[in-house]
Amino acid sequence: MAGSVLVNAPLRVVDSHTAGEPTRVIVDGGPDLGDGPMAARLRRFAEHHDDLRRTAILEPRGSDALVGALLSPPAEPDCATGVLFFNNVGYLGMCGHGAIGLAVTLAYLDRVGLGPMRFDTPVGVVDVDLATANRVTIENVPSYRHRHDVAVDVPGIGSVRGDVAWGGNWFYLVDQESIGERVPIALPYEAELTDIAKRIKSALTVQGITGADGAEIDHIELMGPPRAADAHGRNFVLCPGGAYDRSPCGTGTSAKLACLAAEGALKPGEAWIQESMIGSRFVGRYRKGTDGAVIPSITGEAFVCAETTLIHQPGDPFADGIA
Ligand code: PYC
């Protein structure tokens, strides 16, 4: 039945943006997903409560750029909360901008104080340090370059070369120099950049190029030169549902750090200032992990921008979102 998820249980949400990219945290309401590991809870959420994802994220209550965060008691006892991230087409293992937004939201609600805390996610525990009400550093899950200099034949573009890397999600990272004509990474070129990234994504699928164990590469990251003199790179990240990340993408910056480390192009502890498509920025650093992985840390700012109760009026044909 349309709108069933909201009929008896309105959802209280707090919206924030991290470097321009929105996060919606469900702060009251939501299903009981049991007490297993976060990855099992994510599967249960996807299998039995996808209507909640659609209602909270899709238009008319949400938008394609929005990432949702459902809180769940942590499976790891030293964590402040467990969290499941989702978007307009499905679910994310981790979300860097979302974790920064979540820390700022929990502080806004007085559920946590400044200082260190940990979040339990389906792909591992993330350390979080809330330096001020808005400035956060996350230490992400171990990240690594899976394959280097992988060629993909892209219809309408030609041969493109890039790295496949894990930063909490799977990325194909392309230095724009490897694409003949370089489209500036800037808002007026959103349509062209989206088209290029979508073509690359389809070509990866058709040509069977994946992450480890056949995992789908669901994020495409185009890298170009920075605008600001003190920055090191600017990116355009195509998210799984077709929207571009307004922030420099926390998991995408983690994947980039893993590639820089593998290349010997950035030392442990050195800062990498990553600009986004809209000019917002994250500061990335890494320390060495085990088995060739790096442990990235990402610093950025988030701001709470709305407190809302999502409701359903009887007869609303789009209470479950416009799919
Ligand atoms: O910041 O990791 C991130 C992210 C993933 C998708 C959108 N943002």
Checklist outcome for this item: With G321 itself left out, Lys, Arg at +1 and Asp, Glu at -1 over residues whose Cβ is under 9 Å from its Cβ give 0
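Show I311, I196 ordered by accessible area, largest first, where the area counts protein heavy atoms only and the probe is 1.4 Å.
Highest to lowest solvent-accessible surface, that is I311, I196.
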Checklist entry - For the charge dipole of the stretch 234-299, defined by +1 on Lys and Arg C-beta atoms and -1 on Asp and Glu C-beta atoms about the Cα centroid, which residue among A243, A255, G279 has the Cα displaced farthest towards the positive pole? => result G279
Checklist outcome for this item: Scan of the chain for GluC sites (Glu not before Pro) in DSSP loops with at most 15 other beta-carbon atoms within 10 Å gives a longest site-free stretch of 1-180
Checklist entry - Cα atoms only, the chain: Rg and Dmax in Å? => result 19.0, 59
Item to check | Debye, to nearest 20: dipole size of the stretch 213-323, +1 on Lys, Arg Cβ, -1 on Asp, Glu Cβ | outcome: 600 debye
Item to check | Helix 250-263 vs. the chain, principal-axis angle (Cα, 0 to 90°, nearest 10) | outcome: 30 degrees
Checklist entry - Along the principal axes of its C-alpha atoms, what lengths does the stretch 35-160 span, in descending order and rounded to whole Å? => result 52, 33, 29
Item to check | T137 - accessible surface, heavy atoms, 1.4 Å probe, Å² rounded to 10 | outcome: 40 Å²
Checklist entry - Restricting attention to the stretch 144-245, which trypsin sites (Lys or Arg not before Pro) occupy a DSSP loop and are surrounded by at most 11 other Cβ atoms within 10 Å? => result none
Item to check | For K267, solvent-accessible area (1.4 Å; no DNA, RNA or ligand), Å² | outcome: 140 Å²
Checklist outcome for this item: Once both label points are put 7 Å beyond Cα along the C-beta direction, the R182-H148 separation in nm becomes 2.2 nm
Checklist entry - Just in the stretch 152-234: which chymotrypsin sites (Phe, Trp or Tyr not before Pro) are loop by DSSP and have at most 13 other Cβ atoms within 10 Å? => result none
Item to check | Heavy atoms of D110 accessible to a 1.4 Å probe, total area in Å² rounded to 10 | outcome: 130 Å²
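In Å, the Kirkwood hydrodynamic radius of the stretch 144-190 over pairs of distinct alpha carbons? Display every interim value, and only then the final one.
Values: mean 1/r = 0.0843 Å⁻¹.
In the stretch 144-190 this quantity evaluates to 11.9 Å.
The values are calculated or read from the model by the stated rules, or taken from the named source; none is laboratory data. Quantities reported herein were computed from a predicted structural model and do not represent experimental measurements. Note that we place each Cβ from the backbone using ideal geometry, even for glycine, and neighbour counts take in every protein chain shown. With ligands, DNA and RNA removed, areas are computed over all heavy atoms of the protein, side chains included. Shrake-Rupley method; radii C 1.70, N 1.55, O 1.52, S 1.80 Å.
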